[in-house]
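The values are calculated or read from the model by the stated rules, or taken from the named source; none is laboratory data. It should be emphasised that the depicted structure is a prediction, and the values quoted were computed from it without experimental measurement. Please note: Cβ atoms are built from the backbone with ideal geometry, for glycine as well, and neighbour counts cover all protein chains shown. Ligands, DNA and RNA are stripped out before the accessible areas are found, and what is left, the full protein with its side chains, is counted by its heavy atoms. Shrake-Rupley method; radii C 1.70, N 1.55, O 1.52, S 1.80 Å.
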Amino acid sequence: MKKFLLISVILIVVCITAGYFALQREAQPSPEFTAPQVTTAILTPPTTQPTTPKTTIAQKQSLVESLPLAQAAQTAAAHYEYSISLPPYSQPLGKGDFDRLNPNHFYAVEMPIEENNEQVSLSLNQYRFVHPATIEISLSGSQFSNATATILDPTSQQTLSTTRLKESDGIWLGAVDGETTWPQELNVVVRAKPNSAKAVALTASIRYYQPSATLLAIAKPYPEQADLIIPLQLEVKQSGTYRIRANLFTPDGTPISHLVEKQKLSEGKQVFNLKAHRSVLAPFSAKSGPSQFTLKTFVIERMSPMPGELAQFGDSKITEYHITDFYFDALEKRPYQPSAAERQRLGYLQKMAGK
């Protein structure tokens with residue numbers, strides 16, 4: 001919705017501005033043109049139809065529609081029409097969708113060393129941790145004599161844990177087990193002494209959560225109209241609105257679809273359904289016999305109930321789940337139907353494009 005509004009506002013402002021100046025430019029005579037002196041009036045019948053207000057309006061509309069920005073609006077409308085032809089809960093997934101394929105990726109913290117022109121790098125095994133996950137630390141980029149990692153509460157500046165890193169094949173490694181008393185926001189501070197430079201300190205910001213829900217098991221998927229339903233069995237510790245994401249792959253690891261769904265859950269044992277639509281499964285399904293898929297990369301999020309309150313995250317007892325006996329023919333041959341709001345937005349973009 002936000003993306004649609006941003007595209008619409010930009011197109012409206014730019015199209016109106018460009019159209020206005022184009023029409024004004026057409027109405028003004030060229031400054032290099034000088035009207036000739038006429039001494040004798042020559043009366044001739046008109047060779048063209050007189051211009052009426054309706055004709056002028058039609059000419060202006062034709063000019064605006066011919067502008068490159070109107071063509072851009074047509075492209076935006078076509079792109080949005082395609083995007084709403086696919087269900088938001090089952091989007092196509094490709095190898096280039098790095099953030100979806102690696103939703104908990106930690107981007108390394110790097111620092112240059114002026115004395116020897118080296119660059120040291122601090123990496124963690126992930127960005128978001130859910131207890132009892134272990135924080136794994138890696139330091140590289142130089143020859144060090146020693147290195148120490150400290151877990152710090154950034155608000156109180158209290159030291160929560162400290163460990164010494166050990167060198168292995170030129171990389172300094174360490175691990176810290178999390179605690180239930182830790183706050184959500186943490187800093188990992190690594191201090192190290194390069195052999196040929198001054199001591200360095202690198203700081204990484206992470207999140208550490210107590211699990212709001214745990215994925216315990218996955219029941220056998222089943223067809224429902226044009227969707228493959230995948231029932232997740234959860235133990236919910238904090239009630240609320242949950243958003244669960246996961247990725248579907250072929251057995252050889254080819255990405256198929258990014259699955260996401262929202263659902264209100266109460267405390268206790270709950271079932272949460274993910275759905276994979278026929279349109280994304282079709283290119284990867286067997287023409288005859290059962291198809292096989294793998295579901296993994298689970299992200300269990302209890303969404304923020306109000307501004308100022310942070311989201312919570314859960315964990316999973318399951319790393320991946322294998323679907324081995326899915327028959328594609330069991331799904332109904334019906335395309336996804338966009339919502340009324342999506343169709344209204346499409347009509348708005350098409351109107352901007354002159355359709």
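Trp182 contributes an accessible area of around 20 Å² to the protein surface, as traced by a 1.4 Å probe with all chains present. For the stretch 270-355, GluC sites (Glu not before Pro) are listed when DSSP marks them as loop and at most 15 other Cβ atoms sit within 10 Å of their Cβ; the list is Glu309, Glu332.
Net charge around His258, counting only other residues with Cβ within less than 9 Å of its Cβ (Lys, Arg = +1; Asp, Glu = -1)?
With Lys, Arg at +1 and Asp, Glu at -1, the net is +1.
Here the spin labels are modelled as points 7 Å beyond Cα on the Cα-Cβ line, and at Ser339 and Lys220 they lie 3.4 nm apart. Stokes-Einstein diffusion for the stretch 246-286, with the hydrodynamic radius set to the Kirkwood value over Cα pairs and evaluated at 20 °C in a medium of 1.002 mPa s, equals 177 µm²/s. With a ≥ b ≥ c taken as the square roots of the eigenvalues of the C-alpha gyration tensor of the stretch 174-216, please select rounded if a/c is under 1.5 and otherwise prolate if a/b is larger than b/c or oblate if it is not? Prolate shape, in that a/c is at least 1.5 and a/b is the bigger ratio. Taken over the alpha carbons of the stretch 215-355 as equal point scatterers, the Debye sum produces base-10 log I(q)/I(0) values at 0.11, 0.12, 0.16, 0.21 Å⁻¹ of -0.51, -0.60, -0.92, -1.22. One chain, two ends: Ser288 and Asp252. Fully extended at 0.36 nm per residue, the span grows by 11.1 nm beyond their Cα-Cα distance. The Cα atoms of the stretch 138-287 give a gyration tensor whose axes a ≥ b ≥ c have a/c of 1.5 or more with a/b no greater than b/c, which makes the shape oblate. For Ile318, the solvent-accessible surface computed with a 1.4 Å probe is close to 30 Å², ligands and nucleic acids excluded.
Within the accessible surface of the stretch 97-213, defined with a 1.4 Å probe on protein heavy atoms only, the carbon and sulfur portion equals 44 percent.
Taking the average, over residues, of other Cβ atoms within 10 Å as the packing measure, peptides 229-239, 74-84 rank 229-239, 74-84 from highest down. Here the Kirkwood formula puts the hydrodynamic radius of the stretch 95-170 at 14.8 Å, using every distinct Cα pair. Averaged over its residues, the stretch 98-188 has an accessible area of 56 Å² per residue, based on protein heavy atoms and a 1.4 Å probe.
For the stretch 139-204, the residue among Phe144, Ser161, Ile171 whose Cα projects farthest onto the positive side of the dipole built from Cβ charges is Phe144.
My understanding is that a pair violates if its Cα-Cα distance is over 25 Å; which of Lys220/Lys264; Lys275/Lys317; Lys95/Lys351; Lys262/Lys317 do that in this structure?
Cα-Cα > 25 Å for Lys95/Lys351; rest within.
Counting only protein heavy atoms and using a 1.4 Å probe, the accessible area of Arg100 comes to about 100 Å². Taking other residues whose beta carbon is less than 15 angstrom from the beta carbon of Thr155, and scoring Lys, Arg as +1 and Asp, Glu as -1, yields -1.
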